[in-house]
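The structure under discussion appears below in the form of structure tokens.
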Amino acid sequence: MILPRVRDPRFTTLRRGGTLTDADHQLLALWAAACAGHVLHLFEEVRPGDDRPRRAVDQTGAWVRGEITMTQARVAAFHANAAARDLTGPPRFAAYAAGQAVAVAHVAAHYLGAAAYALKAAGPGEWDWQMGHLPPSLRSLVLEDQGLRNCLCWNVFPV
């Protein structure tokens, strides 16, 4: 389980009583999609005909641009997760990363799942890539959250 029982208000949007702006919510989604997209080849190498995880990553951007609803993004997450179910190892984790990325539209805190699954897919060196692509305005928030929820994410983050 990647989400804690008590939701962190920093990952709840202002309109729902939290402190997360829509702009930062969208940045988290785009970063999550970048993390998932970076490792997606690990899935596509074993399932070249299954585009569900790729579509999920693409739908993340569509949600940010206002082209699809949160509900449509959630459906894309379910499809990406379904693509992972009968796999093991890096291909499975890469598909799950895609599902977590698009699920950020529904719950912003899913961004951490995308990063964690991408790390599980590609290994520890992936964290350096992720940090190099993390928007500076989110850096302190993400690093603190990685430290707080690392135990929920298989302790993959080097914090």
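So what is the calculated 222 nm ellipticity per residue for the chain, using -39500 (n - 2.57) for each DSSP H run with n of 4 or more, over all residues, to the nearest 500 deg cm²/dmol?
Values: 8 runs with 96 residues, N = 159.
Computed ellipticity for the chain at 222 nm equals -18500 deg cm²/dmol.
Each of 46, 96, 17 was placed along the dipole of the range 1-145 (beta-carbon charges, centred on the mean Cα), and the one lying farthest toward the positive end is 17.
Its Cα gyration tensor gives the chain an equivalent ellipsoid, and the semi-axes of that ellipsoid, as √(5λ) in whole Å with the largest first, are 22, 18, 13. For the range 19-153, a crude dipole built from +1 on the beta carbon of Lys and Arg and -1 on the beta carbon of Asp and Glu, taken about the Cα centre, is about 260 debye to the nearest 20.
Rule-based calculations on the coordinates, nothing more; no lab input. Treat the numbers as computed from the prediction; the structure is a model and nothing was measured. Note that each Cβ is placed from the backbone with ideal geometry, even for glycine, and that neighbours are counted across all protein chains shown.
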